[in-house]
Structures are given as structure tokens and as C-alpha cells.
Amino acid sequence: MTGYPARARITSRQLLYLIVLTIVPVQELGAGGPLLREYGKDALWSLVAGATAATVPLLISVHIVRRLAPLDLGATLRSRGLAGRLLLAFFGLALAVPLFNIWSAYVQTLTVEILPHTPGWAIAALGAAAVLYGARGGIEVVARAGELFAPIAIAAMGVLAAMTIPWLHVSYILPIWPQTAAALTTGGYHAFTFFSEVGFAAYLGTLVRDPSTVPRALWWALSLSFAELLMAIGMPLLMFTPEHVALLTVPLLSAVRAIHYGFLIERLDTAVVAAYSVLVALKLTLWTTLSCRLLADATSQRAYRSLTVIATAAAAGSSLVLVHNLAQVQANLQTLWFNGFAPVYLGALLLIAILLRASRARTAHA
Amino acid sequence: MLGPIAVEEMAGQADLVIASLSGYDAFTGELDADVAAIRLQLAPSDDIEIGSVPGSPIAVVLVYQRGAVDARALSVSVLSPLRQGQTASLPATAEVGAVEDAVRHVLDGDLLLLQQGSPNVLVLHLPAALQAAKPSAERVVRGPNEAFTEAFYQNLALLRRMAKHPRLRVEIGQLPGNPQRQFAIAYVQGEASLVVRADLLQRLKQVHIMDVVDVTVLKPALADDPYSPFVNVQLTERVDLAAIAATEGRYVLFTAGSAQVLLLPATFVEMMNSPEDRYLPRYLGDLARVTRWLGFGIALTLEALFIAVTTIHQELLPTPLAFAIARSRSGVPLPVAGEILVMAIVVEVLREAAIRLPAPLSQTISIVGALVIGQAVVQANLISGPVIVVISVAALASFVLPQYEMALIVRFLRFPAMACAAALGLYGVAIFALLTVLHLASLRSFGVAYLSPLAPLHNRQVSRILRLPLRVQRRLQPS
């Protein structure tokens with residue numbers, strides 16, 4: 001461990017890759033579910049829906065990212081005193097909680113999919129070592145690794161998709177509209193969830209620097225929270241759960257998955273899961289790094305090292321428990337996250353923005 | 001040999017007048033001003049000798065490169081006549097009046113004789129003292145074939161002759177651990193980062209090694225991460241590579257008695273490039289680079305992937321191939337991972353033996369290793385045929401890497417890769433790849449990201465990875 005990494009200096013391109021990596025959901029690895037197989041029958045429309053659902057939030061993210069680089073949210077908010085630290089702690093915790101979910105799904109998928117005879121602790125231990133090693137270097141190192149891996153992974157997915165073309169059959173590309181509509185909605189929801197977690201926070205961080213843009217920050221906070229709420233309400237009506245949107249969040253991946261399950265080319269399954277296990281490990285590293293960094297900014301910068309070790313060990317260790325009772329615990333965690341954190345977002349953001357504005361006004365007056 | 005003190009005094013005065021020399025392009029006959037004009041165009045450099053001739057009855061100043069001029073010829077043909085006040089017998093080849101022309105002659109290895117009161121400078125030509133060696137470890141089919149020698153000043157002159165850059169600056173110092181041992185750094189003023197220079201000099205100050213018999217000994221002292229197997233400096237014996245590096249803004253580090261130099265900062269991409277890429281047509285050069293990247297990947301992971309798919313993920317193999325491997329393995333006592341490990345160790349032993357033995361014997365050892373041992377172990381049913389193929393292809397792939405150190409690192413890293421694959425299959429290989437990339441992403445070479453210009457991706461430097469058409473390269477040049 002080298003201690004607290006220096007202030008992050010990452011390019012907008014790297015941040016974009018991180019976003020791509022982060023919205024690759026771990027549930028994507030949970031291949032073989034009946035719903036995914038069913039989706040495969042509708043390969044073409046799944047591809048279109050996936051591309052649409054992924055493109056819109058990505059374009060929004062690109063817009064944010066261009067305004068964001070270099071990422072200095074922590075340093076900016078930390079200098080705002082107690083209010084800034086509270087905001088950092090809040091976002092740090094909001095990021096840390098889903099870590100447990102990702103870990104458990106990761107370990108479970110690997111043990112089910114490609115390593116049925118390997119004990120879960122071995123998978124979790126090796127994954128934890130990789131996460132700790134990556135988090136040691138801070139977000140810059142993770143960003144560089146992501147910049148290298150994301151294009152490789154996308155290219156690999158393209159190759160895999162191309163390999164399945166000879167098996168293409170017209171009967172598999174008939175549209176099934178209701179599912180597509182549901183997929184679009186939930187795809188958007190899934191991306192917005194991430195959006196509200198990281199991009200949203202960072203964007204607001206830049207907006208509240210200037211008193212003149214604080215109203216815009218509030219508008220963003222309100223509208224995005226509202227959109228998130230609408231989607232959360234609308235999802236059960238469409239009988240679609242967030243896990244299933246995995247198919248739709250990355251276009252190429254969706255194409256591969258859809259075609260893959262449509263034609264049941266089992267041979268590719270292992271390769272895809274193995275390839276994506278790198279991205280998920282990278283995603284875990286990124287989440288650990290970001291959450292610990294925000295928490296360390298909120299408390300003491302020396303705490304980064306300890307926080308990283310604790311968070312990784314807790315998440316990896318808990319995954320071993322979670323895999324045995326995954327559905328229930330995951331549901332509990334999601335309930336905690338959605339019901340606990342999401343509503344608090346709005347209130348906290350409003351409060352912090354008002355405090356920051358007041359602080360700005362006082363400084364300007366002085 | 002010359003009188004440097006007088007010149008240093010002149011230099012002091014010259015610095016004062018340098019500011020007023022803008023647009024100064026011809027000699028005036030005033031020694032102070034003329035020397036200052038030369039200094040202005042030729043970056044102040046420790047390998048450029050500018051000095052008066054002690055004992056000479058006429059006020060003259062000589063300018064030349066140390067190492068490019070034969071000392072004996074200089075003494076007999078130039079210094080002795082000057083001490084006797086004779087200029088008629090000097091081996092003058094031309095007279096120049098323009099400063100720029102004079103500087104060009106110095107870079108070509110000639111001497112300049114500046115005389116008080118004469119607006120023209122005499123160009124003296126002495127027999128060439130420079131003798132480059134032939135590269136032994138970095139040979140190319142196309143392009144220059146000049147390598148450094150053990151002569152310190154001659155190496156500096158070789159670099160200057162190849163680079164022919166008026167702003168190439170050389171700084172000479174002594175290593176603290178052994179003041180008798182000189183070192184030199186060469187760089188192009190205005191191109192190279194001064195932050196890197198300060199960092200390099202700071203690290204060199206902390207070198208307390210007595211036996212710096214070769215510049216390679218300094219590598220651990222210059223390392224950014226002492227625990228990393230990857231090296232942050234590039235070693236070369238080729239003059240052209242050093243000259244290219246200097247003109248691109250990198251530093252060249254020489255030590256006395258070493259026939260190799262260190263180039264820094266050095267990134268991963270530069271380790272994968274060969275100087276020959278520049279001398280081939282663009283597409284062929286790019287093809288060679290792509291082949292090298294593929295070779296790197298194959299050498300590092302082929303054995304691990306073979307272990308993973310044959311041990312844990314047999315479903316990935318096409319059915320005929322799976323049957324063929326199974327047939328060839330029938331009766332083999334070791335598991336696949338064991339077979340690969342044994343053969344990898346045997347190949348390493350053979351490689352070491354081939355290096356240590358005298359040249360004629362080493363060829364014999366290679367043939368014995370490749371043919372006799374390979375065939376014998378298969379016939380004896382100790383190792384299966386596909387394993388021999390995999391090991392051979394991986395060993396061949398490691399030879400395409402242009403940097404010897406990089407090939408050694410790959411040889412070292414494939415063992416943990418094999419262990420990960422044997423334990424956790426493709427997941428193990430994936431985690432190994434992730435750890436390797438994370439490690440590479442965390443490395444720096446004198447402040448420069450080791451994966452640059454790949455990550456962070458610099459569009460303007462993309463020609464370091466693949467050569468682009470000249471028109472595109474020009475467009476990418478910063479204005």
C-alpha cells in the first residue's frame with residue numbers, strides 16, 4: 001500500500017471508459033437465466049433496444065465528462081468545510097453499499113458458470129487481491145487500466161458477435177414489442193442509477209462552485225431524482241426487474257448475449273464470462289477506490305489505506321455468505337439502497353447546495 | 001590542452017552580450033562577440049571545447065568536439081604551429097564568415113580557428129578519429145549499423161555526428177561513488193523536460209556504487225519502482241536509436257567505459273519498437289510492430305491459455321481438437337500444467353546454456369535441445385506433442401521482442417500466469433492480465449506514465465504506436 005493517492009488527474013476519455021465499465025452490470029455474468037434465453041429469440045430487437053437504452057445515458061455522461069475532467073470533486077468539496085465533508089461521506093457510503101451486491105453476484109456467477117469445482121473463497125481471495133492492488137494506485141491507475149481494457153473488451157465482443165453471424169436465422173429476429181419497451185425503460189433506469197451515483201455527484205460538484213450555477217444544480221438534482229423515482233415506480237408495472245436489464249446496457253454486449261442465447265452457442269459462454277470477469281473485477285476496483293476515496297476525503301486522507309482494506313475484505317468476505325442466500329440478501333441490500341439512500345439524495349443535495357451557496361455568499365461579502 | 005579559464009571569462013562576458021546578439025549571423029573579428037555568437041547557436045555543452053591556445057603569440061580561439069578530433073593530430077598539426085605563431089601550415093580547408101556555417105562544420109567534426117581581427121573563421125580538418133562499432137545485440141537488416149564503443153568522448157561525438165542537432169547539449173559529471181568514473185547526459189535543449197533532468201541528476205547523486213563498469217549497473221538506482229520487474233530505462237548500443245531519442249526530447253545517459261547507453265524516460269511502447277521500423281516502408285514497419293505486440297501476447301499467455309482450456313474449460317475446444325489432444329496425452333504421466341512447467345524449465349535451461357557456451361557449441365546445444373530432447377520426450381511418452389508445439393511457439397514469440405530485458409520479463413512473468421491458469425482456469429488468466437495491466441498503469445518512468453501514449457491515450461503521439469502517413473503526422477504536430 002502506498003497510502004493515499006495523489007489528487008486524481010484523469011482525462012475525460014478515461015472517465016468515459018470508466019463509465020462504460022461501470023455500467024457493465026455484474027448480472028450480465030449471470031448467464032443462463034430463462035429470461036435471457038427468452039430474449040435471445042428476439043435478437044435484433046434486443047440489439048436495437050440495447051443500443052438505444054445505452055446510447056442516451058452515455059451521451060449525457062459524455063456531456064458531463066467533458067465538463068468534469070480532471071476529476072477534483074473530492075478536493076473541491078473537502079475545502080467546503082463540514083457541509084462538503086458530509087456530502088462526500090454520503091456519496092462514499094452510497095457507492096460502498098452496492099459493493100456487497102456486486103461481489104456476491106461476481107463470485108456466484110463464476111462458481112456457477114466456469115469454475116463449479118473451485119471453492120468460492122479462492123475466487124473471492126484472488127479478486128480481493130486484484131481490487132486491493134488496483135485501489136492502491138488510486139483512480140488514476142484504475143482509469144488507465146480501464147482505458148486499455150475497455151476498447152479491447154468491446155473489440156472482443158465485436159469479434160464474438162461476428163462469429164455468430166453464420167448461425168443467424170430469420171425466425172429469431174421477429175419483434176416482441178412489449179419486452180422491448182420494458183427493456184428500454186429499465187435500460188434507461190439502470191444507466192440513470194449509475195448516473196445519479198457518480199456522474200450526478202461530480203457534475204453537481206462543479207456546478208456548486210459558482211453561485212450563479214447553483215440553481216442549475218438544484219434543477220438537475222430535482223429532475224434526475226424525479227426521473228429515477230418514475231422509473232422505480234414504472235418498473236414493477238412493466239413486470240421487469242433491474243437485474244434483467246443487464247442485457248441492454250451495453251450495445252455490443254447485448255448483441256453478443258442476445259445472439260448467443262438465441263442460438264445457444266454454449267461454447268462461447270465460458271469465453272464471454274471469463275473475458276468479462278476482468279471488467280467486473282475492474283468495476284469492483286473502481287467502486288472500492290471511488291467510495292474509499294470519497295470517505296477518506298470526508299474523514300482523514302490517511303484513512304484511505306485502511307478504508308480500502310476494510311471495504312475490500314468486508315465485501316469479499318460477505319460475498320461468501322451472500323452466495324448461499326443471495327436472492328434475499330440482495331433484495332434487502334437493494335431495498336436499503338433504494339429506500340434508504342435514494343430519497344436522502346434529494347434532501348441532502350438541497351441542504352448542501354443551500355449551505356454552499358450561503359457559504360459562497362458570505363465569502364463574497366467578506 | 002587549451003586554456004579554458006580564459007574562455008570561461010569570455011563566456012561570462014559573452015553571456016552579457018548574448019541578449020544583444022539577436023540576428024547575429026556573421027563573424028566580426030571580435031573574439032568575445034564571435035565566441036558568444038557560436039555559443040548562442042551551439043548550446044553550451046561540455047563536449048564542445050572552446051578555448052585559447054596557451055603559449056600562442058596570436059590571439060586565437062579553437063572550437064571543436066572532444067572525441068571527434070584525434071588528440072595526437074591536434075597537437076602536431078594545430079597546436080604546435082600555433083604556439084610558434086604560424087598559421088600558414090595549418091590544415092585549413094575553408095574559410096567561413098557565417099556563424100551558421102561554422103557551427104555546421106563543428107557538428108561535422110571539424111575545428112574552427114577564430115582569430116582576433118579576422119571576420120573569417122578558418123575551418124581545419126584533421127583525420128577522423130571516430131570509429132563506430134558494429135551492433136551485436138540490436139542488428140537490423142535496413143538502416144545504419146553503428147554502435148557505441150568503450151571510448152567515452154568518442155561515444156559523445158558519435159551521437160553528435162548522428163543527431164547533427166545544434167541544440168544537442170552534453171553535460172559531463174562524476175559519479176559520487178567513484179569520482180574517477182565520468183558520466184554524461186545528452187539532450188536537446190528546448191525539447192527535453194528540465195523536470196526530468198533535475199530528477200535524473202538527483203538520482204545520479206545518490207549513486208554510491210564503486211563498480212560502475214557499465215551503464216547497466218545504474219539501472220536499479222534509476223528505477224522508479226524498485227520492486228517492479230519492468231525497467232523504466234531503455235538500454236541500447238545503437239547510435240541511431242540514441243540520436244532519435246535525443247531529438248524526440250529524451251535523455252541519453254553515458255558512463256565512461258560503457259559501450260551501451262541508457263535512454264530515458266522509457267515507456268512500454270518504446271520498448272516494443274525497433275529502430276528498423278523507421279527504415280522500412282510504413283505498412284511493413286507497422287506490420288512488424290503489430291507482429292511484435294502479438295508476439296508479446298503469445299509469449300506471455302499462450303502456455304497459460306493452453307493449460308486453462310485443456311484442464312478446466314475443455315468445452316472451449318473444438319471437438320476434433322479435443323480428441324486429438326486427448327489421444328496424444330494418453331499414457332503421459334504428468335498433468336498438462338506439469339508438462340508445460342517441465343518443458344518451460346527445460347527451454348530456459350537450454351537458452352541459458354546456449355548463451356553461456358562459446359558460439360559454435362551454442363548452436364549445437366540449440367539443435368540438440370530442439371530436436372533431440374523434444375522428439376525424445378514425446379517418443380518416451382513423457383510429454384505430449386501439443387505441449388511441445390505450444391512451448392516452441394511461445395519461445396519463438398519471445399524472440400520477436402526487440403529489447404532483451406523485455407523478453408526476460410516475459411519469460412519471468414509467464415510462470416505466475418501458468419500458476420493462475422492451472423488453479424483457476426480462464427478466470428485466473430483474466431485476473432493475471434488485470435494485475436499486470438494495473439501494475440503497468442501504476443508505473444512511471446521519470447514522471448511519465450509507463451503506458452503512455454496508450455493510457456492515457458495521446459492522439460498526437462499515436463505515431464509512436466503505429467506510424468501514420470506524413471501528412472497526418474504533420475497535422476498532429478502541436479502548432
So, in the stretch B:429-463, exactly how many residues are crowded, with 18+ Cβ neighbours inside 10 Å, more than 7 Å from chain A (Cβ to nearest Cβ) and of a type outside the set (Ser, Thr, Tyr)? 8
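Quick one: is residue B:312 more than 30 Å from residue B:135 (Cα to Cα), in contact with a Gly (Cβ under 9 Å, 6 or more places away or on another chain) and open to solvent by 40 Å² or more (accessible area, probe 1.4 Å)? Break it down stepwise before answering.
Values: more than 30 Å from residue B:135 (Cα to Cα): yes; in contact with a Gly (Cβ under 9 Å, 6 or more places away or on another chain): yes; open to solvent by 40 Å² or more (accessible area, probe 1.4 Å): yes.
In short, yes.
So that you can scan it fast, the table gives a plain yes or no per residue for (1) more than 30 Å from residue B:138 (Cβ to Cβ); (2) in contact (Cβ under 8 Å) with a residue 24 or more places away in the chain:
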| residue | (1), (2) |
| --- | --- |
| B:404 | no, yes |
| B:408 | no, no |
| B:412 | no, yes |
| B:417 | no, yes |
| B:431 | yes, no |
| B:435 | yes, no |
Single condition residue A:131 does not satisfy, out of (1) modelled with pLDDT under 80; (2) more than 9 Å from every other protein chain (Cβ to nearest Cβ); (3) open to solvent by less than 10 Å² (accessible area, probe 1.4 Å): (1)
With respect to residue A:97, determine if the residue is part of a helix (DSSP H, G or I) and within 11 Å of chain B (Cβ to nearest Cβ). no
Within the stretch B:152-172, which residues are modelled with pLDDT under 90 and either in contact with a Phe, Trp or Tyr (Cβ under 6 Å, 6 or more places away or on another chain) or in a loop (DSSP other than H, G, I, E, B) (or both)? B:164, B:165, B:166, B:167
Can you confirm whether residue B:410 is open to solvent by 10 Å² or more (accessible area, probe 1.4 Å) and in a helix (DSSP H, G or I)? no
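Please verify whether residue B:239 is touching a Ser or Thr at 6+ places or on another chain (Cβ under 9 Å) and aliphatic (A, V, I, L, M), treating the condition exactly as stated.
Working: touching a Ser or Thr at 6+ places or on another chain (Cβ under 9 Å): no; aliphatic (A, V, I, L, M): yes.
No, not satisfied.
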Residue B:133: at negative phi, out of contact with any His (no Cβ under 7 Å at 6 or more places or on another chain) and open to solvent by less than 50 Å² (accessible area, probe 1.4 Å), yes or no? yes
Just to be sure I understand the filter: pairs with C-beta atoms under 9 Å, separated by 6 or more residues or on different chains, first member in the stretch B:294-319 and at positive phi and of a type in the set (Val, Ile, Thr), second member assigned to a helix (DSSP H, G or I) and open to solvent by less than 40 Å² (accessible area, probe 1.4 Å). Which pairs pass? none
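Among the residues of the stretch B:265-321, write down those that are assigned to a loop (DSSP other than H, G, I, E, B) and either within 14 Å of chain A (Cβ to nearest Cβ) or out of contact with any Lys or Arg (no Cβ under 9 Å at 6 or more places or on another chain) (or both). Can you show your working first?
To start, the set of residues in the stretch B:265-321 that are assigned to a loop (DSSP other than H, G, I, E, B) comprises B:265-267, B:273-275, B:280-281, B:312-313, B:317-318.
Listed by number, the residues that qualify are B:267, B:281, B:312, B:313, B:317, B:318.
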So residue B:61 ticks every box in (1) part of a helix (DSSP H, G or I); (2) within 26 Å of residue B:130 (Cα to Cα) but one. Which box is left unticked? (1)
The one condition residue A:70 fails out of (1) under 18 Å from residue A:294 (Cβ atoms); (2) modelled with pLDDT of 70 or more; (3) open to solvent by 30 Å² or more (accessible area, probe 1.4 Å) is (2)
Complete set of residues in the stretch A:97-110 that are at pLDDT 80 or above and open to solvent by 10 Å² or more (accessible area, probe 1.4 Å): A:100
Has the stretch B:173-186 got any residue that is over 28 Å from residue B:73 (Cβ atoms), in contact with a Pro (Cβ under 8 Å, 6 or more places away or on another chain) and in a loop (DSSP other than H, G, I, E, B)? no
When residue B:291 is evaluated against the numbered criteria (1) out of contact with any helix residue (DSSP H, G or I) (no Cβ under 6 Å at 6 or more places or on another chain); (2) farther than 30 Å from residue B:420 by Cβ, which criterion, by number, is the only one it fails? (2)
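Of the residues B:472, B:393, only one is among the β-branched types (Val, Ile, Thr), under 30 Å from residue A:117 (Cβ atoms) and away from every other protein chain (no Cβ under 14 Å); which? I'd like the intermediate steps shown before the answer.
Details: B:472 fails: under 30 Å from residue A:117 (Cβ atoms).
That would be B:393, the only listed residue that is among the β-branched types (Val, Ile, Thr), under 30 Å from residue A:117 (Cβ atoms) and away from every other protein chain (no Cβ under 14 Å).
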Candidate set from the stretch B:315-331 (those that are at pLDDT 85 or above and under 45 Å from the mean Cα position of the chain (by Cα)); member that is surrounded by the most Cβ atoms within 10 Å (Cβ to Cβ): B:325
Under 18 Å from the mean Cα position of the chain (by Cα) and not in a strand (DSSP E or B), is that true of residue B:245? yes
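If a residue has to be touching a residue at least 60 places away in the same chain (Cβ under 8 Å) and not in a loop (DSSP other than H, G, I, E, B) to count, how many in the stretch B:65-94 make the cut? Walk me through it before giving the result.
We begin by selecting, within the stretch B:65-94, every residue touching a residue at least 60 places away in the same chain (Cβ under 8 Å); these are B:65-69, B:71, B:74-75, B:79.
With the extra rule that they be not in a loop (DSSP other than H, G, I, E, B), the set shrinks to B:65, B:69, B:71, B:74-75, B:79.
Number satisfying all stated conditions: 6.
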Number of the condition not met by residue B:285 [criteria: (1) over 21 Å from residue B:219 (Cβ atoms); (2) touching a residue at least 12 places away in the same chain (Cβ under 8 Å); (3) open to solvent by 20 Å² or more (accessible area, probe 1.4 Å)]: (3)
The condition from (1) over 30 Å from residue B:235 (Cα atoms); (2) touching a residue at least 40 places away in the same chain (Cβ under 8 Å); (3) open to solvent by less than 20 Å² (accessible area, probe 1.4 Å) that residue B:107 misses is numbered (1)
In the stretch B:47-81, what residues are under 29 Å from the mean Cα position of the chain (by Cα) and more than 25 Å from residue B:30 (Cβ to Cβ)? B:47, B:66, B:67, B:68, B:69, B:70, B:71
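The values are calculated or read from the model by the stated rules, or taken from the named source; none is laboratory data. None of these values were measured; they are calculated from a predicted model. Note that each Cβ is placed from the backbone with ideal geometry, even for glycine, and that neighbours are counted across all protein chains shown. Accessible surface areas use protein heavy atoms only, side chains included; no ligands, DNA or RNA. Shrake-Rupley method; radii C 1.70, N 1.55, O 1.52, S 1.80 Å.
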